[in-house]
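Engineer: Starting off with a structure, shown below.
The values are calculated or read from the model by the stated rules, or taken from the named source; none is laboratory data. Just so it is clear, the structure is predicted and the values come from calculations on it, not from any experiment. Neighbour counts are summed over all protein chains in view; Cβ atoms, including those assigned to glycine, are modelled from backbone coordinates with ideal geometry. Surface areas here come from the heavy atoms of the whole protein model, side chains and all, with no ligands, DNA or RNA. Shrake-Rupley method; radii C 1.70, N 1.55, O 1.52, S 1.80 Å.
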Amino acid sequence: MKLTIISHTEHYKLLDGTIVGWGPTLTEINYLAEIFDEIYHIAMLHDCEAPKSSLPYTSDRITFVPLKPSGGHGVLEKLKVLFSAPSVIRTVNKTLAKSDCFQLRAPTGIGVFLIPYLTLFSKKKGWFKYAGNWKQDPAPLGYAAQRYMLKKQKRVVTINGSWDDQQVHCLSFENPCLIDTDIIEGVNVVSKKEKTELINFCYVGRLEKQKGVERIINAFNQLPENLLAKVGKIHLVGNGSDVDYFKKLSLKKNIDFVFHGFLSTKDVFNIYKASHFFLMPTTASEGFPKVIAEAMNFGCLPMVSSISSISQYVKDGHNGFLLDPVTEENVISVIQKGINLTNEDYKTMMSNNAELVKKFTYHYYVNRIKKIITN
């Protein structure tokens, strides 16, 4: 069986001609190659340097089909998405002709016209993967429109979280981010991990105000001196347009903030191993961020927003801490709780994630996808 995947995943060409893209998505597709004879991935090719988080395809049965980049935050950039529709549809049609089924990954700019197009004009078997917050209210107009259209059509939609009112064709799915050896390594790390004299924290993701980076820095800047003395390093992994502002903000006190920029998956995992707590006080449109499951696997307890499906996996005081509402005051409060945890309680909370993280392996995901395709 041949599969066409359509996404907004950013790809880049290395000097030697190798095509690379965002690591988690390409790893997922590499694993999907285990159950498909051929995969065509239609996605954006950018003419710039690839970030360290990028990875190559590992199977010669995967073919990358490039699109010109489109989309952005401004009105003009959003209009360019619509102007690109004829070219994108031609590429999709040409590729679908060689395929038996498709996956469209949403929400994405091109999803605004591809969801109705595929629904009305394609008879191919397929499914939609919606990675955003399925219950966001209010949602950005483009997200809301795509979510509405996905609810009204009949093909399978995989979503984050389980909801009382979800339609029969909308299936709850975990986003994969761990390989089997990561689980084995995580068990080993957790068995040896202790609360040390100095407590390390980390954040991994886009460095943006909406994602909560400003709240993190302000919270530590307001932490009482007796607790601040117990804080080791605060690792901030990623990049974004606000990074210079965050760096300046982090200099208000003598706190060891470490800005890493983009890192490889291996280096990100090393940050989790060295950290005791993972902070993400986000108000952005989230499904269930993969980084939370990654952090849990390596004994890095989550301190995260109680939005979307996050609270269905993170239980406050059991295997992490929830922020509700998402305020600087509550960020300070959960940091205090984490610092004051006994080593015994810390180890118990780490162990409470042992079975949960197995649901975020690529093999678990691929086996569930196989059932969708074969049914």
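Engineer: In nanometres, what is the gap between the two model label sites at Glu344 and Asp256, each 7 Å from Cα along Cα-to-Cβ?
Structural biologist: The two pseudo-label positions are separated by 2.9 nm.
Engineer: Under a GNM of the chain (C-alpha, springs under 10 Å), which listed residue has the highest mean-square fluctuation: Met349, Met149, Met280?
Structural biologist: Between Met349, Met149, Met280, it is Met149 that shows the largest mean-square fluctuation.
Engineer: In whole percent, and with a 1.4 Å probe on the protein chains, what portion of the accessible area of the stretch 197-288 is carbon and sulfur?
Structural biologist: Carbon and sulfur together cover 49 percent of it.
Engineer: Go through the stretch 141-203 and name the trypsin sites (Lys or Arg not before Pro) that are in a DSSP coil and have 14 or fewer other Cβ atoms within 10 Å of their Cβ.
Structural biologist: Passing both the DSSP loop test and the Cβ count: Lys154.
Engineer: Taking all protein chains together and a probe of 1.4 Å, list Tyr364, Tyr203 from the most accessible to the least accessible.
Structural biologist: Largest to smallest exposure gives the sequence Tyr364, Tyr203.
Engineer: May I pose another question? Can you pull the one-decimal nm distance between simple spin-label points at Ser59 and Ala229, each 7 Å off the Cα toward Cβ?
Structural biologist: Output for this residue pair reads 5.7 nm.
Engineer: In the stretch 111-208, if the dipole is taken from +1 on Lys/Arg beta carbons and -1 on Asp/Glu beta carbons about the Cα centre, which of Ile199, Pro176, Asn188 is farthest to the positive end?
Structural biologist: Pro176
Engineer: Same structure, new question: Suppose every Lys and Arg Cβ carries +1 and every Asp and Glu Cβ carries -1, with no other charges. What dipole size does the stretch 94-233 come out with about its Cα centre, to the nearest 20 debye?
Structural biologist: 820
Engineer: Let me ask you something else. Report the FRET efficiency, 1/(1 + (r/R0)^6), for Thr327 and Lys68, where r is their Cβ-Cβ distance and R0 is 41 Å, rounded to 0.05.
Structural biologist: 0.50
Engineer: Connecting C-alpha atoms closer than 10 Å in a GNM of the chain, tell me which of Pro140, Pro176, Pro281 has the biggest fluctuation.
Structural biologist: Highest fluctuation among the options: Pro140.
Engineer: Also: Using 0.36 nm per residue of separation minus the Cα-Cα distance, give me the extension gain between Ser191 and Asn270 in nm, one decimal.
Structural biologist: 26.9 nm
Engineer: A follow-up question, please. What list of whole percents do you get for P(r) of the stretch 178-217, with Cα-Cα distances grouped in 5 Å bins up to the one holding the largest distance?
Structural biologist: 5, 17, 15, 14, 16, 19, 13
Engineer: As I understand it, the dipole of the chain uses +1 on the Cβ of Lys and Arg and -1 on the Cβ of Asp and Glu, about the Cα centre. Which of Leu251, Tyr12, Val331 lies farthest toward its positive end?
Structural biologist: Result: Tyr12.
Engineer: Using a 10 angstrom Cβ neighbour count of at most 11 plus a DSSP loop assignment to flag exposed GluC sites (Glu not before Pro), which longest range of the chain is free of such sites?
Structural biologist: With a cap of 11 other Cβ atoms within 10 Å, the longest stretch comes to 198-354.
Engineer: Given the options Ile271, Ile255, Ile335, state which has the largest fluctuation in a GNM of the chain using a 10 Å cut-off (strictly under) for Cα springs.
Structural biologist: So, out of Ile271, Ile255, Ile335, the one fluctuating most is Ile255.
Engineer: What is the diffusion coefficient of the chain in µm²/s, taking the Kirkwood radius over Cα pairs and the Stokes-Einstein relation at 37 °C with a viscosity of 0.692 mPa s?
Structural biologist: 151
Engineer: Right, another one. D for the stretch 76-138, whole µm²/s, Stokes-Einstein with Kirkwood Rh over alpha-carbon pairs at 10 °C and 1.306 mPa s: what number?
Structural biologist: 124
Engineer: Tell me what the chain gives for mean residue ellipticity at 222 nm when only DSSP H runs of n ≥ 4 count, each as -39,500 (n - 2.57), the sum divided by the residue total, rounded to 500 deg cm²/dmol.
Structural biologist: Theoretical 222 nm ellipticity from helices: -11000 deg cm²/dmol.
Engineer: Based on a Kirkwood Rh over C-alpha pairs, give the Stokes-Einstein translational diffusion coefficient of the stretch 123-206 at 25 °C and viscosity 0.890 mPa s in µm²/s.
Structural biologist: 150
Engineer: Provide the descending list of Cα extents for the stretch 254-314 along its principal axes, expressed in whole angstroms.
Structural biologist: Here the spans come out as 30, 27, 20 Å, largest first.
Engineer: Along the Cα→Cβ direction, 7 angstrom out, place labels at Lys371 and His169. What is the inter-label distance in nm?
Structural biologist: With each label point 7 Å from Cα toward Cβ, the separation is 2.0 nm.
Engineer: Under a point-charge model restricted to the Cβ atoms of Lys and Arg (+1) and Asp and Glu (-1), what is the dipole moment magnitude of the chain relative to its Cα centre, in debye to the nearest 20?
Structural biologist: 1200
Engineer: Which residue, chosen from Gly132, Tyr40, Gly287, occupies the Cα position most advanced towards the positive end of the dipole of the chain, where the dipole is computed from +1 (Lys, Arg) and -1 (Asp, Glu) charges on Cβ about the Cα centre?
Structural biologist: Of Gly132, Tyr40, Gly287, it is Tyr40.
Engineer: Can you give me the long-range amide H partners of Val65? Hydrogens built in the peptide plane at 1.01 Å from N, cutoff under 5 Å, separation of 5 or more residues or another chain.
Structural biologist: Hits under the 5 Å cutoff: His41, Ile42, Ala43.
Engineer: What does the convex hull of the Cα atoms of the stretch 204-348 come to per residue, in Å³, rounded to a whole number?
Structural biologist: Taking only Cα atoms, the stretch 204-348 has a hull volume of 99 Å³ per residue.
Engineer: Where in the stretch 49-65 is the amide nitrogen less than 18 Å from a point lying 7 Å along the Cα-to-Cβ axis of Ser122?
Structural biologist: Residues passing the 18 Å test: 62-65.
Engineer: Set the Förster radius R0 to 22 Å, insert the Cβ-Cβ distance between Ser87 and Tyr148 as r into 1/(1 + (r/R0)^6), and round the FRET efficiency to 0.05.
Structural biologist: That pair, Ser87 with Tyr148, gives E of 0.30.
Engineer: Any idea what the dipole of the stretch 231-296 comes to, in debye rounded to 20, about its Cα centre with Lys/Arg Cβ at +1 and Asp/Glu Cβ at -1?
Structural biologist: Taking the Cα centre of the stretch 231-296 as origin, the dipole is about 220 debye.
Engineer: Can you tell me the accessible area per residue over the chain, all protein chains present, probe 1.4 angstrom, in square angstrom?
Structural biologist: On a per-residue basis, 46 Å².
Engineer: For the stretch 1-110, take every pair of Cα atoms, bin their distances at 10 Å starting from 0, and report each bin as a whole percent.
Structural biologist: Once binned at 10 Å, the Cα pair distances of the stretch 1-110 give 14, 46, 33, 6, 0.
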